[in-house]
Every structure is written in structure tokens, then in C-alpha cells.
């Protein structure tokens, strides 16, 4: 009876120790005596302890830093370059197998491949072009990693160039250049504003002068109109009577200083003044 209990305990232990659970974030490779025999999808699996073994492979997106490294650019400057690589193992059986059987430690391999590729790319560029063409560097790095890791069952999701730091003395010089450029732009903006302000004042003065000119023209036209009316009146009332007009002008000049002049009521001058004011002399 004792041996039966012992046997049951051993069987239960073997059954329990052979239970394996594969999560949705992983895929499994089952090996029997060191030989691949089965692909394990997410869920419950049982392997024979001591004979079979399951290797779980993470298929979620992972990120590794290529770690900062000093790269000599084409213009012989030492630039410190750092990048990040985002990748994942493809979820199909063939890709999962390749990630384990075609490459040893694919994370380490991807990091070193990224570092080597960055040295090859940036080494052909000047420091200035490397800073201004980060998108091109990312694209070239991504394309190279895709080609090289395809046989490993790896999908390179994206690559990001984090920084390209020039030597300290070069950085200081670049900062001075940027500062000078900013000051130049500010000076140009100030000059443009001053020119715009001066142009506005000039236009205002021109408008003012045009207003004064127009006012004088209108005033002159008014005076000309008044003279024309006077001439028309003279033509109407004094045509052929130049002597009477002369007498009226003399009278106007005399009356300007409040002088008093007595003339006979039956004189022609009285009649002329009366007619212009609408008064007709009373006949006695």
C-alpha cells in the first residue's frame, strides 16, 4: 500500500510539473530531447518533465538603446551619437524559430549592428549635414536593420536618432554663430519696422499736403465763382452804364468809413441803388 501512495505522489508531481502556460504576449517552442517538435500557441500546454522542454519567446515590441558612441565625421570632428531601436519578434512559427535557432542573443546582435551601421552612415557626412539630415539617417539605419534581421524573424518597427553632440569647443562656436544669426535677424526686423514707420509718416504728410492743396483749389474755385457772379451781375445791371458803375464804386469806398453823403432824391445814383436793392423811388 505504501508503494502505491508513493507512486501516486510521483505521478501527480509529474503531471503538475509538466503543466506550462503560454501568455498572449509570447509564443513557445517545445523541444523533445533537444529536438524541436511543437509550436506552442498561447494557452495551456503539457510537456513531459525531463524529456521535453518549452522555450517562451516574447513577441511584443521592445526597445534597446544603441548606447552613446564617438563617431568621426567626414570633416574630422568627433561627434557623440546615440540612437534607439524598436523591434519585435514576428508571431508566426517560422519567425519564432528563426529568432532562436538562426541567431544567438538577437538583442545583443541588433544593438551592435545598429552601432556599426551608424558609424558607416555618419562617417560619410559632415557634422552639419548629420544634424540637418536626421530623417535620412533614421531611414538608412532602419532600412539596413530590416534587411540584416529579416532572416532572424525580427521586424524592425522604427529607429530614432536621439542626439548628435559635437565636441565642447565646436558646440560653443556653433552657439555663437546661432546667437549672431538671431541678432542679425532682430536687427533686420528693427530696421524693417523703422522703415515701415517712416513710410507711414511720409504717407500721412503726403495726405495732409494733398488735403491742403485740395482746400486751396476749392477756395480758389469759390473765389473764381464769386468773381464770375459779380461779372454777370455787372453785365446785367451796368452794361453800357460804365459811368454809373464808377459812381457806385466811389460811393462804396466813401461809405466804407461811415461817411455821410447827401444826394438829391431824383438823381440817377439813387435810382441805381434802389433798383439793385429792389426799392423803387416814390414819385412825388
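The number of residues in segment 140-169 that are within 22 Å of residue 75 (Cβ to Cβ) and part of a helix (DSSP H, G or I) comes to 4. Among the residues making up segment 141-166, those that are touching a helix residue (DSSP H, G or I) at 6+ places or on another chain (Cβ under 7 Å) and without any contact (Cβ under 8 Å) to a residue 60 or more places away in the chain are 141, 144, 148, 151, 152. Taking the criterion of being exposed (fewer than 15 other Cβ atoms within 10 Å of the Cβ) and at pLDDT 90 or above, no residue of segment 65-83 qualifies. So is residue 159 closer than 30 Å to residue 95 by Cβ, surrounded by 10 or more Cβ atoms within 10 Å (Cβ to Cβ) and either modelled with pLDDT under 80 or assigned by TED's automatic domain parsing to the domain that holds residue 138 (or both) or not? Considered against the rule, which asks whether it is closer than 30 Å to residue 95 by Cβ, surrounded by 10 or more Cβ atoms within 10 Å (Cβ to Cβ) and either modelled with pLDDT under 80 or assigned by TED's automatic domain parsing to the domain that holds residue 138 (or both), residue 159 comes out as yes. Kindly indicate whether residue 28 is in the same structural domain as residue 10 (by TED's automatic domain parsing) and part of a loop (DSSP other than H, G, I, E, B). In short, no.
Taken over segment 1-22, the criterion of being under 30 Å from residue 88 (Cβ atoms) and surrounded by 12 or more Cβ atoms within 10 Å (Cβ to Cβ) is satisfied by 18, 20, 21, 22. The residues of segment 31-45 that are assigned to a strand (DSSP E or B), surrounded by 13 or more Cβ atoms within 10 Å (Cβ to Cβ) and within 60 Å of the chain's Cα centre (by Cα), listed by number, are 31, 36, 38, 39, 40, 45. Taking segment 92-131 as the range and being crowded, with 17+ Cβ neighbours inside 10 Å and outside any helix (DSSP H, G or I) as the test, the residues that pass are 103, 125.
The values are calculated or read from the model by the stated rules, or taken from the named source; none is laboratory data. No experiment lies behind these values; they were computed from the predicted model shown. Using ideal geometry, Cβ is built from the backbone for each residue, glycine included, and neighbour counts are taken over all protein chains shown.
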